[in-house]
Amino acid sequence: MSSPAISDDDNSFEQSRRSTRLQGSKKPESIAISSDEDSDKTIEYDGVVISSDEDEDLPNVQLPSKIDEQKDKIIKNLFPASGKAAKSKNGAKFTSNGSNVPPSGSGSVSYDPPKPQTLPGHLKMIGGVPVHFPVPPYGAQIALMSKVIEGINKGVNCLLESPTGSGKTLALLCGALAWQQHEKNRIGNFQAQQLVSQHPELVELKGAAEGVASPASVDLTHFAFQKEKFGEKSIYDKPACSGAGDGPAPTTKRAEPHDGTDDTSEPGLVSIHKRRKVEDDVTPSLTPLQLTPEKQNISSPVKAETPKNIRVPTIYYGARTHKQIQQVVKEFSRTAYCGEATMTILSSREYSCIRPFDRSLYASKNDMCKECVSKRKPKHDEPRPQQEASNCKYYENRARLTAQDLPPAFDLEELVAVGRERNACPFYAARAMAAGANIVFCPYNYLIDPSIRSSLQIELQDEIVILDEAHNIEDICRDAATFLFSRDQIFAALQELEKLAEYRYANEDIQPDVACLIQALRNWNDWFANQAPLILSKPVNGGEAVHTWDVKHFVDTLNNHNIGIKQYGEFRGSAESFCRKLRDEPAALYGVAQATGNVVEAIGIVLSYLFREDGKQMDDFKPALIRGVETSPGSAPDAQGWRSTQYERSVQKETLSLRLMCMSPAVVFSQLSPCRTVLLASGTLTPRHSLASELGAAFPLQVSPGHVIAADRVWIGTLTTCPNGKPLECKSAAMNQVETQDALGQCVLWSCQVAPHGVLCFLPSYMLLNKLQRRWQETGLWRKLNDAKNVFMESRNVKDHNDIMEEYYATVGTPKGALLFAVYRGKVSEGMDFKDHQARAVITVGIPYPNTFDMMVREKMQYNDRHTRDKQLLSSSEWLRVQAYRALNQAVGRCVRHRRDWGAVLLVDARFTQRYYTEHLSQWVNNFLGNNHNTFEELVNSDNGLERFMQTMTMKEKEEDAL
């Protein structure tokens, strides 16, 4: 019987999470995967070397040094020095240790739960941590979870590559959550040991061991004492005068002794009763334990309750988009830890604000929110000033929305829906829930971008960060430290601040800060005016003229205009005070828009990157002055924001902007160093060797398991020639030739004729896509494509793209099927789900090298060549190749989405016959490709070609559906 299908992108689980319950007596399978070289117990598991550490002895533990003689004797009886933990009557093991909780994996504390927790699913012991998995895991998932647990234990970073459809997301969640729960239990057990070492009499109490090891605060006075024999002399023995033996307790109710206090209490009040005497005839098993120093002969009473807090690292799980987060939450709901581990979702106001948005009053939802949540000061004529409140009822009701009001696993849509029901703000409620959540889901730019992280008050010290779909992590980090602001923005902010300065008494507390900012902005305006001549003679390409500086010369120009390093300290303090005031009390800064705060904040961040640590990272930036031409309608908006409906000729407006480009992603990624561990995961991290040098971080643990799909369910091959037999190389120059365009059209048409349902075709650029469409319309091939499939083209516009995808999904399941043309690095290639019949064939055209005419790409290549030796960076040509194959591998990953899926990948380019052009393909792609290189004639007529594969799998699919 085949294993149930596991996917991190779809609903392909064939077994319910709740269908199997583990028996408490069932011994968990031990799969402790280790990379340690001294492991002497190893076996092979699906190609992964695993070792078992289940039978390891518990370590010897040293007792605290300063313990009185009597207590030392008692504790030694409880905890023998044989190396094994002493076992109490209830089965809980304790070992003695010092006062501080040791780090995980140190070996100084052994945790053995008194009673194994019964959770649904399959239990695997991986690296000493029990992991509950909802279905039998694949070997690839076990390998992934082992690295996750090892990385968290050791506090090191990991690169985790796992092909799409291998259950990557589920493995990441179960591995991290299992470690978190195990750590919580370990710390709870250690605290129990500390308490028992101070009060050894707790060992005799039934349930005390479990209680003091519980993560929650437990009142110890509610534990009942149960004695097996009453013959021994003890203060708990049944009094001899009662004449009762060891029989059952009497069921008649006894009159309580009265000590003069009133034991008839009102509801909700505490009644004070006299302490019971030893001679009172009370059933021992029903009497709450009363420990007193006199009767127990100890120096101090037992602590009232266990420690209140067990602090374990929070898991921050970041994905690219909210759509991907929705898929991750769906996977989280299938785990055994859903409900045990609390969660929340962080999002922007654009997604989670439920207040009606008036575009005529606010430029964005951010502006509306920041103004509406400002405190409303009480009126002077109010007889009793009310507490300050905001102007947003949803913000005021944010406490109504808590984790208890939501299901154990909820996505953003559910969060917003419950917020609407309760008239409570989902944005602020989710932020409040993050303080106590075990796992926090968010777009990963929230964790990477310093300004977003600061505004959301995310502290990552010693936390666990998982960045899924992290193949673009380098670009994301560089973009987070790249800034652009224009002279027009400077001038607009300056006007607002100068008007604000006229109200001296209204904002007396920040007038010095406003004055400092005004002077700085005036200097910036002068700087732009003085630098403008540098760009007048520059050629205009793509609507822009660009002048770049060496960064040191750029800083010299700033110093010459009194906006350099000497003035930075004063400007930074004033900018922080002003932005804080604008954030907390925007109504007090009348007439100042949020855009002004954004400009001030952006300038402050730009200068901080240049000047912090005495300019250590200055060389990691490239400044550029840009003169651009903007085309806009001739009619301007009136006071209400309306534009004229009459047609007027468009006008051109020149803009002058400063762009500070970050060349090194390590500038931003280094700020994640306080994390306990950072786990970078994706289906396409290959090639991985550049990530460590580019991100400036070590990744000691790496894994890239094979695909879980069977070899007969995937066909991967190349097309190397045109129909006339000439080599088919899809370089940019060759793609301008009509012969290459026509050959490519014949290939796509034939593929659509033999492949059922959905076909995806990826091209290097939108410009090439439009060029091919025009050519094929001229030759009539476009009409033939429409006869074979319903043809769709990816759009750059988000709204149009969503509409196109809805139509594609609606028609792809029809007998005719659909063809979708898309672009590398576009919306279709980045994480969209095309399962089963939605993509039976994927055609990739060429190798998508970045555009070397792009200023950012050109400057990055030069930067890498300068620092190849001192920063161990890739050369410019190798860096360019790495970027190309990451995009190519990502597009290829759209093909098969789970184990029972099937499909074909056709790599169109003659260059793939050379090893140099295939070595950076994903490992699983190379394994399936082999030497399957085809001419056009071989592709069409081969018995083992694409057409025969499609026919075989179509018949097999019908047979599988019939079963």
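Each reported figure results from applying straightforward, stated rules to the coordinates on display, with no laboratory input. What you see is a predicted model; the values in this text were computed from it and never measured. Cβ coordinates were reconstructed from backbone atoms using ideal geometry, including for glycine residues, and neighbour counts include every protein chain displayed.
In this Cβ point-charge picture (+1 for Lys and Arg, -1 for Asp and Glu), the stretch 381-531 has a dipole of about 320 debye about its Cα centre.
Other residues whose C-beta falls under 12 angstrom from the C-beta of Glu463 contribute a net charge of +1, scoring Lys and Arg +1 and Asp and Glu -1. With the charge dipole of the stretch 711-962 set up from +1 on Lys and Arg Cβ and -1 on Asp and Glu Cβ about the Cα centre, the Cα lying farthest toward the positive end among the listed residues Phe928, Leu906, Val857 is that of Val857. Extending 7 Å from the Cα toward the beta-carbon at both Tyr916 and Asn541 defines two label points whose distance is 2.5 nm.
Here Val738 and Phe491 are evaluated by their C-beta separation; at R0 = 45 Å the FRET efficiency comes out at 0.35.
Computed packing ranks the peptides 843-851, 587-595 as 843-851, 587-595, most packed first, by mean other Cβ atoms within 10 Å.
With 0.36 nm allotted per residue and the present C-alpha distance subtracted, the Ala587-Asp509 stretch has 26.6 nm of extension available.
Placing +1 on the Cβ of every Lys and Arg and -1 on the Cβ of every Asp and Glu, with nothing else charged, gives the stretch 711-962 a dipole about its Cα centre of roughly 560 debye.
Multiplying the residue separation of Thr655 and Glu421 by 0.36 nm and removing their Cα-Cα distance gives an extension gain of 79.6 nm.
Full extension of the chain between Glu201 and Asp614 gives 142.6 nm of extra length, using 0.36 nm per residue less the Cα-Cα distance. The label-point distance for Ile354 and Glu960, in a model that sets each label 7 Å from Cα toward Cβ, rounds to 4.2 nm. Sorted on the mean count of surrounding Cβ atoms within 10 Å across their residues, most packed first, peptides 440-449, 614-623 read 440-449, 614-623.
This model, with +1 at the C-beta of Lys and Arg and -1 at the C-beta of Asp and Glu, gives the stretch 527-633 a dipole about its Cα centre of some 100 debye. Of the beta bridges in the stretch 711-962, as assigned by DSSP with both residues counted there, near 5 percent are antiparallel. Beyond 28 Å in Cα-Cα separation lie the following of the pairs Lys789/Lys835; Lys184/Lys393; Lys552/Lys653; Lys799/Lys956; Lys538/Lys871: Lys184/Lys393; Lys552/Lys653; Lys799/Lys956; Lys538/Lys871.
Measuring from a point 7 Å past the Cα of Lys771 along Cα-to-C-beta, which residues in the stretch 843-880 have an amide N at less than 19 Å? Under cut-off, by backbone N: 844-855. What is the Cα centroid distance between the stretch 660-708 and the stretch 843-857, reported in whole angstrom? The two parts, judged by their Cα centres, are 22 Å apart.
Residues Phe571, Phe483 in ascending order of nearby Cβ atoms (within 10 Å, fewest first): Phe483, Phe571.
Once backbone amide H atoms are built at 1.01 Å from N, Cys895 has no partners under 5 Å, excluding neighbours fewer than 5 places away on the same chain.
Taking every alpha-carbon pair in the stretch 779-901 and binning the separations at 5 Å intervals from zero gives 2, 10, 16, 17, 16, 13, 9, 8, 6, 3, 1, 0 percent. Can you give the FRET efficiency for Arg869 and Arg580, using 1/(1 + (r/R0)^6), R0 = 35 Å, r = Cβ-Cβ distance, to the nearest 0.05? Step by step, r from the Cβ atoms, then E = 0.20. The order of the peptides 940-950, 889-899 by mean Cβ neighbours within 10 Å, most packed first, is 889-899, 940-950. Once the C-beta distance of Gln951 and Glu413 is scaled by a Förster radius of 45 Å, the resulting FRET efficiency is 0.60 to the nearest 0.05. Measuring from label point to label point, each 7 Å out along Cα→Cβ, what is the Val940 to Ala435 span in nm? That separation, rounded to one decimal, is 7.0 nm.
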